[in-house]
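In what follows, a structure is listed as structure tokens, so that the remarks can point back to it.
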Amino acid sequence: MRNFKNTQSNLLFFGSPGTGKTFLSSCIAKELLDAGHLVVYRTADGLIQNLKEVKFHDNVELLDLLLNCDLLIIDDLGTELTTEFSKVELFNFLNAKLLRKKKMIISTNLTLENLKNKYDERIYSRLVGDFNIYKFLGEDLRIKKNHERTKKASG
């Protein structure tokens, strides 16, 4: 986090649900917020809704926030309804953000192959070419915690 301003790294976290992708993103966000950086969190669906708001209601303040924040976290890419509109707007947005050299963390439960199949080549190329990619392995920690709580509660 000390070198945040000096690095050009974007992060792509992928793996099964419950493996800590969102948790790690939140930890990074907290560190940066505590250091005075502007961090914005959106689910993928929330981002698409924001991009609709920008496109159809000319919300320039929202676009400015999304494009110029120090770090944008896009959580659960692949869970949003994928339409031609959403693919075009997502590509245009990612491209604009990358050109501004503003950092992003994207998390997804999709494999890289599934990302390639769900989105067009241009989006996939940017995700694979402009992001450091980290695969999260392991069992679903939410389910594991729930089993442990259930065991303790039952005795």
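Quick note: the coordinates plus some simple rules give every number you see, no bench work behind them. Nothing here was measured: the structure is a model prediction, and the numbers come from that model. Every residue, glycine as well, gets a Cβ built from its backbone with ideal geometry; the counts of neighbours run over all protein chains shown.
Only Cα pairs within less than 10 Å get springs; with that Gaussian network setup on the chain, which residue of Thr22, Thr79, Thr43 has the largest fluctuation?
Thr79
Mind checking the range 79-110 for trypsin sites (Lys or Arg not before Pro) that DSSP puts in a loop (not H, G, I, E or B) and that have at most 11 other Cβ atoms within 10 Å? All intermediate terms of the calculation are to be shown ahead of the outcome.
On the way: sites: Lys87, Lys97, Arg100, Lys101, Lys102, Lys103; in loops: Arg100, Lys101, Lys102.
Those that pass, being in a loop and sparsely packed, are Arg100, Lys101.
Of the residues Phe56, Phe85, Phe93, which exhibits the maximal mean-square fluctuation in a Gaussian network model of the chain defined by a 10 Å Cα contact cut-off?
Looking only at Phe56, Phe85, Phe93, the biggest GNM fluctuation is shown by Phe56.
Given H placed 1.01 Å from N in the peptide plane, which residues other than close sequence neighbours of Glu80 have an amide H under 5 Å from its amide H?
The list, which skips near neighbours in sequence, is Asp45.
Please say if the range 1-66 is rounded, prolate or oblate, where rounded means a/c under 1.5 for a ≥ b ≥ c the square roots of the C-alpha gyration tensor eigenvalues, and otherwise the choice is prolate for a/b larger than b/c and oblate otherwise?
Taking the square roots of the gyration eigenvalues as a ≥ b ≥ c, the range 1-66 is oblate.
For n ≥ 4 DSSP H runs only, could you compute -39500 (n - 2.57) per run for the chain, divide by its residues and tell me the 222 nm figure to the nearest 500?
On the way: 7 runs with 84 residues, N = 155.
Calculated at 222 nm, the ellipticity per residue is -17000 deg cm²/dmol.
Give me a comma-separated list of calculated 3J(HN,Hα) values for the range 30-37, in order, Karplus coefficients 6.51, -1.76, 1.60 applied at θ = phi - 60°, integers in Hz, x for any Gly or Pro.
4, 4, 5, 4, 4, 8, x, 8
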